[in-house]
Amino acid sequence: MKLILISFLCFITFSKSCFSQTEYIEVNSSILKETRQIKLQLPRNYSSSNKEYPVIVVLDGDYLFEPFAGNADYLSYWEIIPESIVIGINQVGHRMKDGNIDPESGLPSTTGADFFEFIGFEVLKYVDENYRTTPFTIVAGLDYMANLSNFYLLKENPLFNGYINLSPDTDPKLPERLKKKLDKIDTKVWYYLATSEYDIPELKNKAKELDSYLSICNNPNFNYQYEIIEDADHFSFVADAIPKSLISIFSTYGPISDFEYETKFLEARSPANTLEDKYLTIQELYAIEIPIRIVDFLKTAEAIEEKKLWEDYRELSKLAKKQSPNTVLYNYFQGRYFEKIGEPNRAIKEYQAAYGLEKAGYLDSEVLLAKADELKRIYGN
């Protein structure tokens, strides 16, 4: 199926090179046999880069697109999640027929089945053909449309990698169907489910029932988080749940967290190898290749210092030479290694060799030269 572009309006806030770009696309769907509007936000610097990006599809885009797009932009700015392409499907006047479920089969039916195919065969196809995308995709929905999104997971080959269900108005047959599917699934799936303290009682109960099925799934390929947002009702909880859901799904992507540091880096025989594994995992899970962050190099060095694993500085310095060759990191790690094993002269040479190199976090050539001078003073060199 192919989208026929009726009109294409591109609104770019201030500058293409500095701010996220939002495009409004009117399309004539051959499946729905009507014109529908799609909002699409491109990442900052999209036009000046060659990178590929994950895709986040937001149902009820007429009111959920902006909060998702804003959070995606903000969180990716701080490298908590990757930059992503956000798509909003506007459904004003169409919502009830878009989510139509047959009461007997418990499956998308008539107009609901058409809308289900519209997303899979037309919207995602259009985005993949016209923008630089990775294979990693997420779908998000609230209540009625959250229910519909789950049927993509029931397909033989699930269409999405991540599912954000906000107070889903689930069909009675759905929880058991999802549990059976997830028990056997052999690909990675991320699932975020949330309700609120003062949610609509019927929907809150449905979320709890769904959790009772999903929480007992022991498949290692299933990554699941359930939350009840306190002091919020059916509509206000969404503002809290959106950033939580994105952070949950992209939990491996962000810089080393305190929890990760305590449970992985301080428990590892080699913090340097754990750092390398973290970035290989990011590439494997999200189809994104990024250089090791300076903050993660320095956090790994903290683990080496805390555990006194001085030999591991050699491995960390190799990573630094490969990933950040123009910074002082390689010489700093090498200097710390020689300093700690009792070879001050070699440590002094490494620190001095950092002169003129780029800074890395709180480390610059002046800091390293000062360390060299301190060693000279101590050892009389």
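The values are calculated or read from the model by the stated rules, or taken from the named source; none is laboratory data. Keep in mind that what you see is a predicted model, and the values were worked out from it rather than measured. All Cβ positions, glycine included, derive from the backbone under ideal geometry; neighbour counts span all protein chains shown. Please note that ligands, DNA and RNA were not included when accessible areas were found on the heavy atoms of the full protein model with its side chains. Shrake-Rupley method; radii C 1.70, N 1.55, O 1.52, S 1.80 Å.
Rounded to the nearest 0.05, what FRET efficiency do K33 and N218 have when you use their Cβ-Cβ distance and R0 = 45 Å?
0.55
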Check: Counting only protein heavy atoms and using a 1.4 Å probe, what share of the accessible area of the chain belongs to carbon plus sulfur, as a whole percent?
Finding: 51
Note to self: Compute the orientation-averaged projected area for the range 120-183 from the convex hull of its Cα atoms and round it to one decimal in nm².
What the structure shows: 4.7
Next item on the list: Express the accessible area of the range 266-381 per residue in Å², computed with a 1.4 Å probe while the remaining protein chains stay in the model.
Entry: 53
Check: Which value, to two decimals, describes the C-alpha radius of gyration of the range 145-293 once divided by 2.2 N^0.38 Å?
Finding: 1.15
Item checked: Residue-averaged [θ]222 nm for the chain, counting only DSSP H segments that reach four residues, each worth -39500 (n - 2.57) -> -12500 deg cm²/dmol
Check: For the range 128-213, what is the relative contact order in percent, using Cα pairs closer than 8 Å and at least 6 residues apart in sequence?
Finding: 29
Check: Using 7 Å Cα-to-Cβ label points, what is the E305/K340 separation (nm, one decimal)?
Finding: 1.0
Check: Considering the values (1) 85, 46, 38; (2) 97, 41, 39; (3) 64, 49, 42, which represents Cα extents along the principal axes in Å as calculated for the structure under consideration?
Finding: (1)
Notebook entry, point to check: R0 = 30 Å: FRET efficiency of E176 with V92, Cβ-based, nearest 0.05?
Noted result: 0.35
Margin query: Contact order normalised by length for the chain, with contacts defined as Cα pairs under 8 Å and 6 or more residues apart; what percent is it?
Written below: 10
Next item on the list: Over the range 103-150, give the accessible area per residue in Å² for a 1.4 Å probe, as an integer.
Entry: 34
Next item on the list: Would you mind telling me the antiparallel percentage of the DSSP bridges in the chain, rounded to 5?
Entry: 45
Check: Tell me, what is the percent relative contact order of the range 273-370, built from C-alpha pairs under 8 Å that lie six or more residues apart?
Finding: 20
Notebook entry, point to check: Along the range 286-303, what does the Karplus equation 6.51 cos²θ - 1.76 cosθ + 1.60 (θ = phi - 60°) give for ³J(HN,Hα), rounded to whole Hz, x for Gly and Pro?
Noted result: 10, 6, 10, 10, 10, x, 5, 5, 4, 4, 6, 4, 6, 5, 5, 4, 4, 5
Note to self: Under the rule of at least 5 residues apart or a separate chain, name every residue whose amide H is placed under 5 Å from the amide H of A360.
What the structure shows: V328
